[in-house]
Amino acid sequence: ENKSTPGFSVEKIEHKIALKVVQNGQITLKDVRLPEANRLQGGNSFRDTARVLRMTRYMVGWASTGIQMGAFEATLKYAQERLQFGKPIASFQMIQDLLAKMLANLTACQCLMLRLAQLDDEGKLGDHHAALAKAFCTAKSRETVSWGREVLGGNGIVADYNVARFFADAEALYSYEGTYQMQNLIVGKAITGHGAFI
Ligand SMILES: Cc1cc2nc3c(=O)[nH]c(=O)nc-3n(C[C@H](O)[C@H](O)[C@H](O)COP(=O)(O)OP(=O)(O)OC[C@H]3O[C@@H](n4cnc5c(N)ncnc54)[C@H](O)[C@@H]3O)c2cc1C
């Protein structure tokens with residue numbers, strides 16, 4: 001409805017390397033006036049924005065856990081099927097080391113996110129919990145997908161084998177809904193009582 005509102009413009013962001021199926025727009029607002037009925041109700045202060053961010057960061061924690069699960073499954077399947085020196089590469093010790101490290105990362109993230117879900121059910125989920133999980137799971141996700149990409153060798157950079165897609169998407173998750181550094185600054189403030197944002 002507001003596409004024709006004077007002062008509002010949006011431009012499609014092209015040439016993304018991650019989350020390619022999602023269309024992102026660069027929104028510019030210049031002296032936009034809206035009737036009260038069109039204003040997002042309940043959004044009155046940054047406290048309200050923070051409530052939204054708490055839940056979106058929680059969801060990104062789950063999404064980066066899901067990315068790791070997808071990458072692990074695709075990597076394991078590939079390793080079982082790919083033959084080198086007459087054997088599946090899954091039978092080599094160093095490939096098993098990478099698979100075990102991937103599984104450890106994603107299991108840690110599953111456990112952390114399960115605990116967050118419990119806190120949310122109890123009405124105790126705080127901004128610092130969501131920030132801690134978002135930072136940890138997205139950082140682990142980057143590590144996990146890069147090990148998966150490594151197991152696939154040259155095919156690891158080909159989108160058809162899926163792991164490359166997870167590899168690229170992990171980059172967007174690491175930065176959006178607040179970067180890794182921002183999440184750690186939120187956690188740092190909760191730990192120390194000192195805000196170090198600026
Ligand atoms: C796929 C995708 C979808 C997005 N969707 C939306 C959306 O729907 N709505 C929306 O508003 N935004 C959206 N964003 C934007 C996203 O939230 C920002 O890109 C992100 O918060 C980082 O901000 P920035 O790009 O301005 O980086 P910058 O703020 O320029 O940061 C660049 C680097 O500097 C670091 N840095 C900055 N300040 C500090 C500091 N004080 N201390 C230490 N390090 C610092 C950052 O951590 C980062 O590493 C989206 C981004 C992506 C990639």
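The values are calculated or read from the model by the stated rules, or taken from the named source; none is laboratory data. This one's a predicted model, so the numbers in the text were calculated from it and none came from an experiment. Every residue, glycine among them, receives a Cβ derived from its backbone with ideal geometry; neighbour counts consider all protein chains shown. We work out accessible area using only protein heavy atoms, side chains counted, and drop any ligands, DNA or RNA first. Shrake-Rupley method; radii C 1.70, N 1.55, O 1.52, S 1.80 Å.
Remark: segment 47-191 carries 53 Å² of accessible area per residue (probe radius 1.4 Å; ligands, DNA and RNA excluded). Measuring between their Cα centroids, segment 122-159 and segment 91-121 lie 10 Å from each other.
Where in the chain are the DSSP H helices whose alpha-carbon span along the long axis reaches 24 Å or more and whose Kyte-Doolittle mean is at least -0.5? Can you show the working numbers first?
Working: long enough: 46-81 (51 Å, -0.19); 93-121 (42 Å, 0.54); 127-151 (36 Å, -0.46).
Result, helices passing both filters: 46-81, 93-121, 127-151.
Between amide H atoms placed 1.01 Å from N, distances below 5 Å from Leu19 occur with Asp169, all of them 5 or more places distant or on a separate chain. Over the chain, dividing the summed -39,500 (n - 2.57) contributions of all DSSP H runs of at least 4 residues by the number of residues returns a 222 nm mean residue ellipticity of -20500 deg cm²/dmol.
State the percent of C-alpha pairs, over all pairs in segment 82-198, separated by a distance greater than 17 angstrom. If you can, show how the numbers build up before the last one.
Working: 4375 of 6786 pairs.
Roughly 64 percent, rounded to a whole number.
What does the charge add up to near Ile17, with Lys and Arg as +1, Asp and Glu as -1, over the other residues with Cβ less than 12 Å from its Cβ? Don't skip to the answer; put the middle values down first.
Values: positive: Lys16, Lys20, Arg165; negative: Glu14, Asp169, Glu171.
So the environment of Ile17 carries a net charge of 0.
Between Phe8 and Lys30, the built amide H atoms are under 5 Å apart, and every one of these is 5 or more places off in sequence or on another chain. Working ranking of peptides 86-94, 144-152 by packing, defined as the average number of other Cβ atoms within 10 Å per residue, highest first, is 144-152, 86-94. Take 3-12, 129-138, 70-79, 163-172 and order them by the average number of nearby Cβ atoms within 10 Å per residue, most first; the result is 129-138, 163-172, 70-79, 3-12. Roughly how many percent of the accessible protein surface of segment 47-191 is carbon and sulfur, given a 1.4 Å probe and a whole-percent answer? The computed percentage sits at 58.
Once the Cβ-Cβ distance between Gln80 and Ala108 is put in as r, and R0 is 25 Å, what FRET efficiency do you end up with, to the nearest 0.05? Kindly include the intermediate steps, with their values, before the conclusion.
Numbers: r = 24 Å, r/R0 = 0.96.
Efficiency for this residue pair is about 0.55.
Remark: the Lys189-Val21 segment gains 56.9 nm on full extension, using 0.36 nm per residue and subtracting the alpha carbon distance. Taking a ≥ b ≥ c as the square roots of the Cα gyration tensor eigenvalues, with a/c under 1.5 meaning rounded and otherwise prolate when a/b beats b/c, else oblate, which class fits segment 1-117? It comes out oblate by the Cα gyration axes.
What order do you get for 24-31, 57-64 when each peptide is scored by the mean count of other beta carbon atoms within 10 Å, highest first?
Working: 24-31: 9.6, 57-64: 22.8.
In descending order of packing, they fall as 57-64, 24-31.
Give me the Å³ per residue figure for the convex hull around the C-alpha atoms of the chain.
Details: hull volume 32.5 nm³, N = 198.
So the per-residue Cα hull volume is 164 Å³.
Subtracting the Cα-Cα distance from 0.36 nm times the residue separation, let me have the gained length for Ala159 to Ser4 in nm, one decimal.
Details: separation 155, 0.36 × 155 = 55.80 nm, distance 3.79 nm.
This chain segment gains 52.0 nm when fully extended.
In this structure the amide hydrogen of Leu125, modeled in the peptide plane, comes within under 5 Å of the amide hydrogens of Asp120, none closer than 5 places in sequence on its chain. Considering only Gly148, Asn44, Cys137, the residue lying farthest towards the positive end of the dipole of the chain is Asn44, judged by Cα position with unit charges set on Cβ.
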